[in-house]
Amino acid sequence: MFDQLDELVREHAELEQRLADPAVHADQAQARTFGKRYSELGPIVTAYQQMRATGDDLATARELADDDASIRAEIPALEQRVAELEDQLRLLLLPSDPNDNKDVIVEVKAGEGGDESALFARVLLEMYQRYAERQGWKAELLDATESDLGGYKEATLAVRGRPHAANAAPKPWSRLKYEGGVHRVQRVPVTESQGRIHTSAAGVHVFPEAEDVEVDIDPNDLRIDVYRSSGPGGQSVNTTDSAVRITHVPTGIVVSCQNEKSQLQNKESAMRILRARLLAAAQETADAEASTMRRSQVRTVDRSERVRTYNFPENRISDHRVGFKAYNLDQVLAGDLDAVVQALADADTAALLQGDDR
C-alpha cells in the first residue's frame, strides 16, 4: 500500500509549484482541479513525512539503546507512534468516494401505509432538516406534495455544505449517502382508535448534486409542461401556471416542482433535481460496466430493501445493514444522527480495509 508514497510526495511538490504560477490561474477550471488534488494529497504527505521522521528517530534510538537507558526507555513510545501513523496512512490511502465533497438531493416518498406512511415521510424529512442544521449545512425544500393529514406523499430536499468550511468539515454526501433505502416505522397512527401499533414505510433516495459541467443536457431532449400549483404557496397558488414538470425524453426521468411562486424558480429547482438524477444514473451505469469499481457492503444494499426501523413504543432505532441499535429514537428524530451514520461509515471503511470491493 505504501509503494507509491514517494511518487505522491513528488506529485504534491509539483502541484505546489504549479499553483504558485499565476499563469495557471488564468484557467480557473484547471486551477480548481490542481487545487483539489493538492488538498487531497496534503494529509497523506504530512502523515508520510511524520512516519518517516519518527521511523528515523526509532532507528537511532535502537542504535543507542545499549549505551543510554533514557533513550532505551523512549523506544516503546516511538514504536507505538510509528504504528499509529501507519494505520493513519492506510486509511488515507483507501479509495475515496469521488462524490464525498458534493452537496445532495434527498427525496422522501410515502410507501405502504397510506396516510400514516405520508406522515412518517414528513418525520423523516424533518429529521434530515434538523441533522443538516446541526452540521451547519443549508437545507432547502425544493418540492413537496402534502397529504390530507399534513404528511408528505413525496418531498425533495436540497442539502448544501458550508462553502468556506475547512477541508476536514464533513460534506453532505459523505454522511447522507447511507440514507438511501426503505425506512420502516412502528407506532400507533393518529387515525388508530384502538391503540394498535401499525407498521408502514417510506422510501428515501439520495443523489449527489451535479454541477452544470458534469451533466450535458440537450434542451431538445426536454419536454417542459407548466400547470397550476396545488397546496401551500401563497396567493399565486391555483391562479397562475407556475408549477413545472420536466421530462427527459431519452431516459424517461420526470421531475416536477411547484413550491416556488414563479415558474422560473420552479424550473431552476427541477433542473437541479434532474441533473442529480442523470448524474446518479450515469454513475450506476459506469459501476455496472466497470466491475472493478469499489462497491462497499453498505452502499450496495438494494434500494428496495429495508434499511432501518423506527420503533416508537420502544423509542428504538435499528439499522439492519450493520446491526446498529439504540434506544434514543426521540433524539435521532431531533437530528442527532451522528451515531448511526458513523456506524455505517465505519462498516464501509472496514470493508475496504478487508479488500471487499464487491
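Some observations on this one:
- Listed by first and then second residue, the pairs with beta-carbon distance under 8 Å, at least 6 apart or on different chains, first residue in the stretch 253-282 and among the small types (Gly, Ala, Ser), second surrounded by 22 or more Cβ atoms within 10 Å (Cβ to Cβ) and in a helix (DSSP H, G or I), are Ser256/Ala270.
- Residues of the stretch 93-122 that turn out to be surrounded by fewer than 19 Cβ atoms within 10 Å (Cβ to Cβ) and of a type in the set (A, V, I, L, M, F, W, C), as a count: 2
- Checked against the criterion of being touching a residue at least 24 places away in the same chain (Cβ under 8 Å), under 30 Å from Asp348 (Cα atoms) and among the charged types (D, E, K, R), the candidates Arg81, Arg52, Arg32 yield just one match: Arg81.
- Total residues in the stretch 221-240 satisfying the condition of being at pLDDT 75 or above and either more than 30 Å from Arg32 (Cβ to Cβ) or hydroxyl-bearing (Ser, Thr, Tyr) (or both): the figure is 6.
- Selection status of Leu41, within 30 Å of Val159 (Cβ to Cβ), modelled with pLDDT of 90 or more, touching a helix residue (DSSP H, G or I) at 6+ places or on another chain (Cβ under 7 Å) and part of a helix (DSSP H, G or I): yes
- Any hit, the stretch 114-131, residues being assigned by TED's automatic domain parsing to the domain that holds Arg306 and at pLDDT below 90: yes
- In this entry, Val185 passes the filter for residues that are in a strand (DSSP E or B), over 21 Å from Ala210 (Cβ atoms) and out of contact with any Gly (no Cβ under 6 Å at 6 or more places or on another chain).
- The conditions of being more than 30 Å from Val159 (Cβ to Cβ), in contact with a Phe, Trp or Tyr (Cβ under 8 Å, 6 or more places away or on another chain), β-branched (Val, Ile, Thr) and outside the structural domain of Ala201 (by TED's automatic domain parsing) are met by Val24.
- Scanning the stretch 10-53 for residues that are under 29 Å from Arg90 (Cβ atoms) and among the hydrophobic types (A, V, I, L, M, F, W, C) returns Ala13, Leu15, Leu19, Phe34, Leu41, Ile44, Val45, Ala47, Met51, Ala53.
The values are calculated or read from the model by the stated rules, or taken from the named source; none is laboratory data. Just so we're clear, the structure is a prediction, and the values are computed from it rather than from any experiment. Methodologically, a virtual Cβ is constructed for each residue, glycine included, from the backbone with ideal geometry; neighbour enumeration extends over all protein chains shown.
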